[in-house]
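To start, the structure under review is shown below, and the notes come after it.
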Amino acid sequence: MMTNLRSNRNKAHLGLGALLIALCLVSWLVLLAGIAAVQKRVKDIGGDGSDSSHAVAFEWWILFFEAFVLFLAATGHFLGFRASHAAVVALLSVVTALSMLWCHNWNQIRRDNHDKRSDTVFAGFLLVSIFNSLLILVLGTIPDESDGVYRKGTNVSTAGPNRGVATPAAGATVI
């Protein structure tokens, strides 16, 4: 009964993680469309000799860093690479913080410009921030295999002998 319950919980986590990764990808596409539209607009009006190619360079960097982290999260989530689990959550936290900062910046820009392109970039950063935050919560609650001894309802025999637990040597006195 306990393994069936654990199996159902793992399936629920897998499904919820898959849904959030899909929503992150959709929000990534919204952000991609917004940044591309702003980049095109900046190039169209940048005829004064200024270097307009770097106007949204950091936003592009954040966008592709997000794609890289989502790729790592998806492969780790679906293929079961739990060894890199903490690193993926940490990288996802970094890209979420960057998205939140740039969401604030684009909110100020869209208030001043009243431009649909700025609204799209703002919406993209906002959606990326929301779904990344939810994905961090879901990925942070998926139990690793290495903590089997400490989970409620398991014992040492199901997790493996001495797995992660310091045991005294034979004949040693335990105080």
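Measure off 7 Å from each Cα along the Cα-to-Cβ vector at Ser133 and Ala57, then give the distance between these two points in nanometres to one decimal.
Taking the two extended label points, one gets 3.1 nm.
Given +1 on the Cβ of Lys and Arg, -1 on the Cβ of Asp and Glu, and no further charges, what dipole in debye does segment 100-145 carry about its Cα centre, rounded to the nearest 20?
340
Determine one quarter of the surface area of the Cα convex hull of segment 77-132, which equals its mean projected area, and express it in nm² to one decimal.
Taking a quarter of the hull surface, the average projection is 4.2 nm².
Please arrange Ile45, Ile62, Ile109 by accessible surface area, largest first, computed with a 1.4 Å probe and ligands excluded.
Largest to smallest exposure gives the sequence Ile45, Ile109, Ile62.
Using a 1.4 Å probe and counting only protein heavy atoms, arrange Thr96, Thr75 so the residue with the most accessible area comes first.
Ranked from most to least accessible, the order is Thr75, Thr96.
Rolling a 1.4 angstrom probe over the protein chains, ignoring ligands and nucleic acids, what is the accessible area of His104 in square angstrom, nearest 10?
110
With labels modelled as points extended 7 Å from the Cα through the Cβ direction, what inter-label distance (nm, one decimal) is found for Ala37 paired with Arg111?
2.1
May I ask you to derive the FRET efficiency for Thr141 and Phe68 from their Cβ-Cβ distance with R0 = 25 Å, giving the value to the nearest 0.05?
It comes to 0.60.
Residue by residue through segment 21-37, which ³J(HN,Hα) values in whole Hz follow from phi under the Karplus form 6.51 cos²θ - 1.76 cosθ + 1.60 (θ = phi - 60°), with glycine and proline marked x?
5, 5, 5, 5, 5, 5, 5, 5, 5, 4, 5, 4, 5, x, 5, 5, 5
With all protein chains present and a 1.4 Å probe, how do Asp44, Asp112, Asp119 order by accessible area, largest first?
From most accessible down to least: Asp112, Asp44, Asp119.
The values are calculated or read from the model by the stated rules, or taken from the named source; none is laboratory data. Please read all numbers here as calculations on a predicted model, not as lab measurements. All Cβ positions, even for glycine, are placed from backbone atoms using ideal geometry, and neighbour counts span all protein chains on display. Calculation scope for accessible area: heavy atoms of the full protein, side chains included, ligands and nucleic acids excluded. Shrake-Rupley method; radii C 1.70, N 1.55, O 1.52, S 1.80 Å.
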